[in-house]
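The values are calculated or read from the model by the stated rules, or taken from the named source; none is laboratory data. The structure displayed is predicted, hence computed values, not measured ones. Counting neighbours? That spans all protein chains shown, and the Cβs are built from the backbone with ideal geometry, glycine included.
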Amino acid sequence: MTVRVLALLALLAALAACARREPAATASAKPAAPLPDDLPSDLSAKTFATAEALAKEGAALFTQNCATCHMADGGGVPYLQPSIKGSAGISNPDPQLFLSLILRGSAVLDEGAKAYENDMAPQDHLSDTEIAAVATYVRQRFAAQPITKPVTPADVAIARARPGLPP
Amino acid sequence: MPKLPVLLASLLFATSARAVLPIPDADNGGLILPPGFHALVVADKLKPLRGMTVAPNGDIYVKTREAGIYGLRDTDGDGRADLVKEFGSGGGTGIALRGEWLYHSTDDHVFRYKLTPGELVPAGPPERIVRDLPNRHQHSAKVFAFGADGQLYVGTGSPSNAYGGKKDRALGATGEDPTEFLKTYGGYWRYDPGKLEQTQADGYHFSTGHRHSTTIALNPVSQQLFIAIHGRDQLSTVAPQFYNDDDNAENPAEVFHVLTDGANFGWPFTYYDPRRHLRLLNPEFGGDGKKLAEPGKFPEPLIAFPAHMSPMQLAFYTGTQFPAKYLNGAFLAFQGSWNRAPKPQKGYQVVFIPFNAQNMPTGDYETFADNFAGKKVIASPGDATHRPHGVAVGPDGSLYISDFQAGRVWRIIYTDQ
């Protein structure tokens, strides 16, 4: 890795740290406004009693990291990015396949399994808790039958440790 | 038997030079057009449509994204296609007529069919002119045009956003050296249109440094090729510390250029800001929303269109049916954006590009056909009723438009009324 790349990474890390603030009392506020000020703060220290609570944090993460491609309503863009409404990947009670996709993007899919023109970028810049939050939100909102069981940071850690798709 | 409106039309306009024009639809097929222009729906609810071309006898050929080619013929003169035949397979985008040959491209190959005079559908199988072009799904459409030299100029897009490595399109994407990549992607290549089974290695690498161009056409007067290029996406995803939602919605320009031998259009290092008229460094390559590209290194765009509108087919207007100002100007279909969210989407229209006495664009353009989306505020492409993709000029100077969303084909006519 070159010095320039290292410096850039350090800069990004510093900026990311700046963006992370203590959670404001937003629980009853309107859905989070766009970036950068309203990005959810670092979730790793927080625990969530219910899937609803976790999903609330996930909504803003969805807007910032997923909606740009899958659109705010999850409807996708014809031929470029799929609709995720009722998608098999997220409707499966076992979240491992979905988590692999979030972490590594469409690079985990076999060439033959790719049905869309665009690539899904890996979202591994998100922490385990952030991914748990966004996955919980997406499963609640877009699964064929809303899945209320939260995805946990431990689930994400398993997916992160595994190189490819679940067996 | 001719339909009643046709009889009426021929009675009413029997002595008029415009008697050959069909009766337009009362609602202009849902389009909003300049005064004096009208539209009719030639065909509807076909598969999602891409590039289009019209033969001297008025037969229309239009590509589908995933399936064959439609041949559309109006046999009774009412302007509506009553013969709709699909032939071939493989989907794709590019299509053009040259003499007795109908050329078309899938995302991998360029083919041609021999047409039989009077027959809508070619009798035999296609010949393969160029085979096995690089295709990694993203930006895979292979558009083409014939140059002044009669040669075939075929585009090969870059399967990438801004060559940001594994994190391309994600937070913190970091540019990699594109030298090798650009030897096979992101340019136009020239081929012999009469030679079979050529590969990219047989072609002449004509231009480089573009992300994806799905727009190429020959100016009928100057005989120069003009192209448009789709600008990069997701500035605010990749580098939110430098770009907010508004910066992302309005950057970068969809650019319009003349295609010259050896041209380099500056991707992936740079992008063009259409509001400030400046070329900047991409954040993947050290940009911060302010750092300018090295001056003079890459050509200034002839037109900087608003971001993300998605320029598809370009057609020079060579007819005399429309008012004189349109002659030798060009129509360009914008399929419409997705990456302006959370701001409303833009595009979903066909624009007219005036060319000056030197046969160059003036830098301006005007909306010609609008309301394809069927609504004023478009949140997502899926909400649009139609998305214009193909444009082609017919033998009588009518303009035809194809629809990527709901498979409609319109014909635009001018009646001065």
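Here are the numbers for this structure:
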quantity: Among residues of region B:29-44, those that are in a strand (DSSP E or B) and out of contact with any Pro (no Cβ under 8 Å at 6 or more places or on another chain), counted; calculated: 5
quantity: Residue list for region B:168-184, filter: within 14 Å of chain A (Cβ to nearest Cβ) and at negative phi; calculated: B:D168, B:A170, B:L171, B:A173, B:T174, B:G175, B:E176, B:D177
quantity: Residues located in region B:394-405, provided they are within 17 Å of the chain's Cα centre (by Cα) and not in a strand (DSSP E or B); calculated: B:G394, B:F404, B:Q405
quantity: Subset of region B:57-68 [part of a loop (DSSP other than H, G, I, E, B) and either touching a Ser or Thr at 6+ places or on another chain (Cβ under 6 Å) or under 17 Å from B:R80 (Cα atoms) (or both)]; calculated: B:N57, B:G58, B:D59, B:G68
quantity: Output for region B:168-190, where each listed residue is buried (at least 21 other Cβ atoms within 10 Å of the Cβ) and within 26 Å of the chain's Cα centre (by Cα); calculated: B:D168, B:R169, B:Y185, B:G186, B:G187, B:Y188, B:W189
quantity: Subset of region B:243-260 [away from chain A (no Cβ under 13 Å), farther than 30 Å from B:G147 by Cβ and in a loop (DSSP other than H, G, I, E, B)]; calculated: B:N251
quantity: In region A:153-167, the residues that are part of a loop (DSSP other than H, G, I, E, B) and either free of Cβ contacts under 8 Å to residues at least 40 places away in the same chain or of a type in the set (S, T, N, Q) (or both); calculated: A:P163, A:P167
quantity: Residue in region B:363-376 that is modelled with pLDDT of 95 or more, in contact with a His (Cβ under 8 Å, 6 or more places away or on another chain), surrounded by fewer than 24 Cβ atoms within 10 Å (Cβ to Cβ) and not hydroxyl-bearing (S, T, Y) present; calculated: yes
quantity: Selection from region B:395-412 of residues that are surrounded by 21 or more Cβ atoms within 10 Å (Cβ to Cβ) and not polar (S, T, N, Q); calculated: B:L399, B:Y400, B:I401, B:D403, B:F404, B:R408, B:V409, B:W410, B:R411, B:I412
quantity: Residue check, A:R141 assigned to a helix (DSSP H, G or I) and either more than 10 Å from every other protein chain (Cβ to nearest Cβ) or surrounded by fewer than 20 Cβ atoms within 10 Å (Cβ to Cβ) (or both); calculated: yes
quantity: Region A:43-94, residues that are surrounded by fewer than 21 Cβ atoms within 10 Å (Cβ to Cβ), more than 14 Å from chain B (Cβ to nearest Cβ), part of a loop (DSSP other than H, G, I, E, B) and on the phi < 0 side of the Ramachandran plot; calculated: A:S44, A:A45, A:K46, A:T47, A:F48, A:A49, A:T50, A:S87, A:N92, A:P93, A:D94
quantity: Condition broken by B:V350, with the remaining ones in (1) modelled with pLDDT under 95; (2) in a strand (DSSP E or B) satisfied; calculated: (1)
quantity: Region B:242-267 residues that are without any contact (Cβ under 8 Å) to a residue 40 or more places away in the chain, paired with ones that are in a loop (DSSP other than H, G, I, E, B) (beta carbon under 9 Å, 6 or more apart); calculated: B:N244/A:P34; B:N244/A:L35; B:N244/A:P36
quantity: Search result, residues across region B:202-242 that are more than 14 Å from chain A (Cβ to nearest Cβ), in a loop (DSSP other than H, G, I, E, B) and crowded, with 22+ Cβ neighbours inside 10 Å; calculated: B:H210, B:G231
quantity: Cross-chain or 6+ apart pairs with Cβ under 7 Å, region B:43-65 first and under 15 Å from B:A392 (Cβ atoms) and more than 14 Å from chain A (Cβ to nearest Cβ), then surrounded by fewer than 20 Cβ atoms within 10 Å (Cβ to Cβ) and of a type in the set (V, I, T); calculated: B:A43/B:V84
quantity: Given (1) farther than 24 Å from B:V42 by Cα; (2) buried (at least 21 other Cβ atoms within 10 Å of the Cβ); (3) out of contact with any helix residue (DSSP H, G or I) (no Cβ under 7 Å at 6 or more places or on another chain); (4) of a type outside the set (V, I, T), index of the condition B:G124 fails; calculated: (2)
quantity: Residue in region A:98-111 that is modelled with pLDDT of 90 or more, within 24 Å of B:G164 (Cα to Cα) and among the basic types (K, R) present; calculated: yes
quantity: The listed residue being small (G, A, S), surrounded by fewer than 17 Cβ atoms within 10 Å (Cβ to Cβ) and either closer than 24 Å to B:T215 by Cα or within 14 Å of another protein chain (Cβ to nearest Cβ) (or both), out of B:G91, B:G155, B:G165; calculated: B:G165
quantity: Residues within region B:136-150 that are surrounded by fewer than 18 Cβ atoms within 10 Å (Cβ to Cβ), more than 9 Å from every other protein chain (Cβ to nearest Cβ) and farther than 18 Å from B:L102 by Cβ, tallied; calculated: 2
quantity: Strands (runs of 3 or more DSSP E) fully within region B:263-328 counting 1 or more residues that are of a type in the set (G, A, S); calculated: B:303-305, B:311-316
